[in-house]
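Notes follow the structure.
Quick note: the coordinates plus some simple rules give every number you see, no bench work behind them. It should be emphasised that the depicted structure is a prediction, and the values quoted were computed from it without experimental measurement. Cβ placement follows ideal geometry from the backbone for every residue including glycine, while neighbour counts extend to all protein chains displayed.
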Amino acid sequence: MTTPVLTVEIADMLRPFFPALVRLPKQWSLLYSLDQHGISLNTLYTRCQDFKGSALVVVRDSGDRVFGAWMGEGIHPSKGAYYGSGESFLWQSVGKDRVRVFKWTGKNDYVALCEPDYISFGGGDGRSGLWLDDTLIDGSSARCLTFDNEPLCSAGPRRGEAVTFECVGLEVWGIG
């Protein structure tokens, strides 16, 4: 049995940031886990695309930082077009007892882009708030116009304005 990326403590800290109807007691379902379902972006999309509810993306990097995205519209292939609403947000854990949430700024609608060779949350000026390639191992995070976030991951090498990271844990939880 592997250690879950999402802890009860982090879930409880994130719940107040969900829209009111999602905060109510709901069924949480593990739709995708890197450990259980393999290293495949295609598998992630296949396992998530039919779920009708919101999705919480949870990433652990090699520096043990936990962060991610919440999508009211779930996760599904986007076929070249961004999707998502102003309820979506990026987040990062800070220590063991706090999370920071970066809400939609309204400056653009680049909330999520789920392509065959990468998945990305937030955008603008060539930067993504959270980006993972199709191996689900190599990622990056940069300040983006959509969420005006700090880089979410542990301090690491830079690629332009983005901080790169190695993903060592990834889960997508369906809520609803």
Segments 30-40, 3-13 sorted - mean Cβ within 10 Å per residue, highest first: 30-40, 3-13
Can you give me the distance in nm between label points at ARG15 and TRP28, each placed 7 Å from the Cα along the Cα-to-Cβ direction? 0.8
Checked the range 33-109 against the a/c 1.5 cut and the a/b vs b/c comparison, axes a ≥ b ≥ c from its Cα gyration tensor; verdict oblate
Evaluated at 37 °C with a viscosity of 0.692 mPa s, what Stokes-Einstein diffusion coefficient in µm²/s does the range 1-141 have when Rh comes from the Kirkwood expression over alpha-carbon pairs? 212
Label the range 76-176 by shape, choosing from rounded, prolate and oblate, from the square roots a ≥ b ≥ c of the eigenvalues of the Cα gyration tensor; if a/c is under 1.5 it is rounded, and otherwise prolate applies when a/b is larger than b/c, oblate when it is not. rounded
ALA81-THR46 pseudo-label distance in nm [points 7 Å out on the Cα-to-Cβ vector]: 2.6
From the Cα gyration tensor of the range 121-176, with a ≥ b ≥ c the square roots of its eigenvalues, which class applies: rounded if a/c is under 1.5, or else prolate if a/b is larger than b/c, or else oblate? oblate
Sort 91-104, 50-63 for me by packing, meaning the mean count of neighbouring Cβ atoms within 10 Å per residue, highest on top. 50-63, 91-104
Mean separation of Cα contacts under 8 Å (at least 6 apart) over the residue count of the range 12-118, i.e. the relative contact order in percent, is 22
With each pseudo-label sitting 7 Å past Cα toward Cβ, what's the THR3-GLU161 distance in nm, one decimal? 3.4
What length, rounded to one decimal in nm, is gained on full extension from VAL168 through to SER62, with 0.36 nm per residue of separation minus their alpha-carbon distance? 37.6 nm
